[in-house]
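Input: a single structure, listed below in structure tokens.
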There are 2 protein chains.
Amino acid sequence: MTDGLLTHADVLAAAARIAPHAHGTPVLRSASLDELTGAELFFKCENFQRSGAFKFRGACNAVWALDAAVAARGVVTHSSGNHGAALALAARGRGIPAHVVVPEGAVASKLAAIEAYGAVLHRCAPTMAAREAMAAQVQQQTGASLVHPFMDPYVIAGQGTAALELMAEAGRLDIVMTPVGGGGLVCGTALAASGRDTGITVFGAEPEGAADAFESLRQQRRVTDIVPNTVCDGLRGTIGAINLALMQAHRVQVLLVSDDETLAAMRLAWERLKVIIEPSCATVLAAVLRYPGHFAGKRVGLILSGGNVDLGALPWRTP
Amino acid sequence: MTDGLLTHADVLAAAARIAPHAHGTPVLRSASLDELTGAELFFKCENFQRSGAFKFRGACNAVWALDAAVAARGVVTHSSGNHGAALALAARGRGIPAHVVVPEGAVASKLAAIEAYGAVLHRCAPTMAAREAMAAQVQQQTGASLVHPFMDPYVIAGQGTAALELMAEAGRLDIVMTPVGGGGLVCGTALAASGRDTGITVFGAEPEGAADAFESLRQQRRVTDIVPNTVCDGLRGTIGAINLALMQAHRVQVLLVSDDETLAAMRLAWERLKVIIEPSCATVLAAVLRYPGHFAGKRVGLILSGGNVDLGALPWRTP
């Protein structure tokens, strides 16, 4: 890991580091969705990744990059869900403690997963300030290393390994798109794509109700005062500073989608692809449907980021 | 295709015939389901197959095995859903007409799929006699070839290709299990497994409310008077004569599961594997959970047969 901005080499190093631990996930196609969108779509199924989301890649890279003595004191993070679960699972894999600071109001099934993977939960108010304060307190008390959900360079590099696999399997792609929350996945993807000779355009899909990355690119400064209002519980974080810099350096473009478009796309994926994806994840398909001018006739890789949905409300017994 | 009982060679021929048309589907693993069951489970995802079910394999093999002049007159079948959709899609791929006789009460989303693939629907009463009479009438009027959903030898051989792929990807397996309705999939699977030097035990999972295959094996005669009562809409057919003979020849064993066990297993698959599977398909996981003595410590391949569920009742708009 160099001191300056991350590079493609960091993603390659991450791929080697996490290979013994992470799943290689399949790439699905759908003739009917290709027909519907006029594009050739390649769905990289990170919802099948361990812990149910791409987040395991970055967490695993960060956990296994620690020196043994440092690692032994454990890791800590703040996360509304998927990163917390991923870090807990990665820490369990290395046999070290994990502490996860969770805001009130987080999705119940995600909290249950974090606990099931053996992490200690620390609850706090649902603000970034409260989360950071609680994480700092745990760090002080335990000596655990902070693994930030999207600003940690090892996390960013780890997230990029999904796109590496996607490009290896799908062959030439014109576009790769991921959801944008704090920016870890989209930046890792841009780093992965930057290793290709042919230009690949990287898009991020972001909810209209949490458009901080979109606004930050437009205003060319980090916009941090947006109060998120979206069903996409994984995309409520504010774009990180290193993430914004990487997005600008790699000319990542952000496309906005409404929650209704996202939920309609989620249903379409469940029906046509037969995969469980969570709302945050469906933003990418929603963007393909909303902005056909960018995608028609193109070979488009979509990172399906995760599948951790609360299924409790469905009718699971005989009628 | 020989005149006598089908053999492993027929499955190999089917694999070559359908290769340009069918998807190769991925095999998923789940550390948490392995832990829960004490077995090593390999899930062959035929819910990702074209038309959403393994049925496309058999239909495709039957459609492309027809002589051109015969094929031109079209194909006909009776089916409550997945086979009808699969035959419609296979016929469209060859550019020939498809007629599908559907019983009243079939799942709406499956009928919509059949029509979307361009087949002509013929509705009839929900009895096997009415279905067969209507299919015979369509045959007479159009000259179309009957492609029976599970007794057609090309259909049976085609269904076996899923197990071929599964065994190639998973390596040594002790057991392969599929759902049992009319017996096409389980027999094709037994034929596929019979080509291996090492013995693989083939199990079929069947609903308690449609236990005709179980009873037929137990009584050593084809039991045809059971009135099915199960949520597994794909498994209500009565075991075929050729299917029973093949099951006996290959020592296939049938395990019964209740509908509540099946729906609980379906939920578990949605949650842990992040895949949409239909109730009929979940019988295999239900059987692993109900009969641990057969599976603990074993390497077990499970054919996830299909994912065509009516998702209309779920909340798809913002709260």
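What follows is calculated from the coordinates using simple rules that are stated; it is not laboratory data. All values derive from a computational prediction rather than experimental measurement. Here the Cβ is made from the backbone with ideal geometry for all residues, glycine too, and neighbour counts use every protein chain on show.
Side notes on the structure shown:
- Position B:Gly199: other-copy label points at 6.4 nm, ordered by increasing distance, label point 7 Å along Cα→C-beta.
- Between helix B:259-272 and chain B: long-axis angle, C-alpha atoms, 0 to 90°, nearest 10: 80
- Peptide ranges A:100-106, A:276-282 listed from the most packed, as the mean C-beta count within 10 angstrom indicates: A:276-282, A:100-106
- Cβ neighbours within 10 Å from other chains - mean over A:265-273: 4
- Stokes-Einstein diffusion for the range A:56-146, with the hydrodynamic radius set to the Kirkwood value over Cα pairs and evaluated at 10 °C in a medium of 1.306 mPa s, equals 126 µm²/s.
- At 7 Å out from Cα toward Cβ: A:Ala16 inter-copy label distances (nm, ascending): 4.4
- Cβ nearest the rotation axis (A onto B), residue from chain A and distance to the nearest whole Å: A:Pro26, 2
- Formal net charge of residues neighbouring B:Ala39 (Cβ-Cβ distance under 12 Å; K, R +1; D, E -1): -1
- Mean projected area in nm² (Cα convex hull; one quarter of hull surface) for the range B:123-213: 7.5
- Summed side-chain charge close to B:Val202 - residues other than B:Val202 whose Cβ falls under 12 Å, Lys, Arg +1, Asp, Glu -1: +1
- Take every DSSP beta bridge whose two residues both sit in the protein assembly as shown; close to 10 percent of them are antiparallel.
- Estimated D of the range A:50-94 in µm² per second, where Rh is the Kirkwood radius over Cα pairs and Stokes-Einstein applies at 10 °C, 1.306 mPa s: 153
- The helix-only estimate of mean residue ellipticity at 222 nm for chain B, built from DSSP H runs of length n ≥ 4 each weighted as -39500 (n - 2.57), is -13000 deg cm²/dmol after division by the residue total.
- The value for the protein assembly as shown of Rg(Cα) / (2.2 N^0.38 Å) is 1.00.
- Note on chain B: the C-alpha convex hull projects to 16.1 nm² when averaged across all orientations.
- Extending 7 Å from the Cα toward the beta-carbon at both B:Ala136 and A:Leu289 defines two label points whose distance is 4.6 nm.
- Only Cα sites of the range A:165-303 enter the Debye sum here, all with the same form factor; the resulting log10 I(q)/I(0) across q = 0.16, 0.20 1/Å is -0.78, -1.20, listed in q order.
- Remark: mean inter-chain Cβ contacts per residue of A:301-308 equal 1, using a 10 Å Cβ-Cβ cutoff to other protein chain atoms.
- Summed side-chain charge close to B:Ile226 - residues other than B:Ile226 whose Cβ falls under 9 Å, Lys, Arg +1, Asp, Glu -1: -3
- Label point of A:Val70 (7 Å along Cα→beta-carbon): distances to the other copies' equivalent points are 7.1 nm, sorted ascending.
- Take each residue in A:274-280, count the other chain C-beta atoms within 10 Å of its C-beta, and the mean is 5.
- Rg to Rh, two decimals, where the range B:146-199 supplies the alpha carbon set and Rh follows Kirkwood: 0.99
- Taking the average, over residues, of other Cβ atoms within 10 Å as the packing measure, peptides B:244-251, B:153-160 rank B:153-160, B:244-251 from highest down.
- One way to sum up the overall shape of the range B:233-319 is the equivalent ellipsoid from its Cα gyration tensor, whose semi-axes run 28, 18, 10 Å, largest first.
- Within the same chain, lysines fewer than 8 places from B:Lys55 are excluded, and of the rest, those with a Cα less than 18 Å from its Cα are A:Lys274, B:Lys44, B:Lys110.
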